[in-house]
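Each remark here refers to the structure printed beneath this line.
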């Protein structure tokens, strides 16, 4: 079992003047705690499940590049980039740059996108669902090309590139994670193109996850893809109890409770849990997480 951390709140005390220093501390603490991965949401506006759209939201790849400079080992990715946010060629160039500067620690986390309000707000086109999924498949195909130094002209259903040159090449081919649990389209794209899926523990739980993974297994069989090649990840709310006050409605976990919960997810078929936590700025939380990592690894 691998354990990662997702940071979705950037309205830190003293922000924006304090934001850089606070983010650097989070990244270093996560790295030193032995967490496998560090993720940020890729949004322009805050999402409703976290708070109102006016809350602080940082651009994802700038934020990850900043983290890369102050960490040594932890892997870095967005959970996940909406395919509409950046032209596919430029997105893949950006992820490659993050990989090179971090010494081979970047992921490509990607999905079809859904947050129409932020698109309208910043003037970013928001195509139909069909067009977004076509664009997603184009981008996945193109990723395999550009990460393998294949400069042949690319003609997809939504984009055309005359020469998708990508120099320098990645230090490590960035693993591709497709976010979402859509059974007809999303999990089919995972089976065809991705190194990892990402499901949400909320609303599925350990009982619902095996059913989604069975669907993924079926898609793998359809395309003759070994199911075991794909990492099964999920996003789960998991806040460690440090003795400090927590936001209303948030329950803190002891190390033992966290390990038990992660064990149930492992039994459901998950091998990489990405934690969304309410106390990312509490150094004591990382001491607790370090012990969780030791026990579940």
* Residue list for the range 79-97, filter: in contact (Cβ under 8 Å) with a residue 60 or more places away in the chain and either in a helix (DSSP H, G or I) or over 14 Å from residue 146 (Cα atoms) (or both) -> 79, 80, 88, 89, 92, 93, 95, 96
* With respect to residue 237, determine if the residue is surrounded by 19 or more Cβ atoms within 10 Å (Cβ to Cβ), free of Cβ contacts under 8 Å to residues at least 60 places away in the same chain and either under 30 Å from residue 283 (Cα atoms) or in contact with a strand residue (DSSP E or B) (Cβ under 6 Å, 6 or more places away or on another chain) (or both). => no
* **Single match in 132, 120 (criterion: at pLDDT 95 or above and either on the phi > 0 side of the Ramachandran plot or surrounded by 16 or more Cβ atoms within 10 Å (Cβ to Cβ) (or both))** => 132
* With the checklist (1) in a helix (DSSP H, G or I); (2) more than 24 Å from residue 231 (Cα to Cα); (3) free of Cβ contacts under 8 Å to residues at least 24 places away in the same chain in hand, flag the one item residue 119 doesn't pass. => (3)
* Structure fact -> Note: among 157, 217, just one is in a loop (DSSP other than H, G, I, E, B) and either in contact with a helix residue (DSSP H, G or I) (Cβ under 7 Å, 6 or more places away or on another chain) or free of Cβ contacts under 8 Å to residues at least 60 places away in the same chain (or both), namely 157
* Of the residues 51, 20, 14, which single one is closer than 24 Å to residue 289 by Cα and surrounded by fewer than 21 Cβ atoms within 10 Å (Cβ to Cβ)? -> 20
* Assess whether residue 266 counts as being under 19 Å from residue 4 (Cβ atoms), touching a residue at least 60 places away in the same chain (Cβ under 8 Å) and touching a helix residue (DSSP H, G or I) at 6+ places or on another chain (Cβ under 9 Å). => yes
* To do: Identify, from the list 58, 101, the residue that is over 26 Å from residue 155 (Cα atoms), without any contact (Cβ under 8 Å) to a residue 40 or more places away in the chain and out of contact with any strand residue (DSSP E or B) (no Cβ under 6 Å at 6 or more places or on another chain).
  => 101
* For the range 122-142, name all the residues that are touching a residue at least 60 places away in the same chain (Cβ under 8 Å) and not in a helix (DSSP H, G or I). => 124
* Qualifying positions in the range 1-24 - outside any strand (DSSP E or B) and farther than 24 Å from residue 47 by Cα -> 1
* To do: Quick one: which residue in 227, 286 is under 15 Å from residue 187 (Cβ atoms) and either modelled with pLDDT of 95 or more or more than 22 Å from the chain's Cα centre (by Cα) (or both)?
  => 227
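The values are calculated or read from the model by the stated rules, or taken from the named source; none is laboratory data. Nothing here was measured: the structure is a model prediction, and the numbers come from that model. Methodologically, a virtual Cβ is constructed for each residue, glycine included, from the backbone with ideal geometry; neighbour enumeration extends over all protein chains shown.
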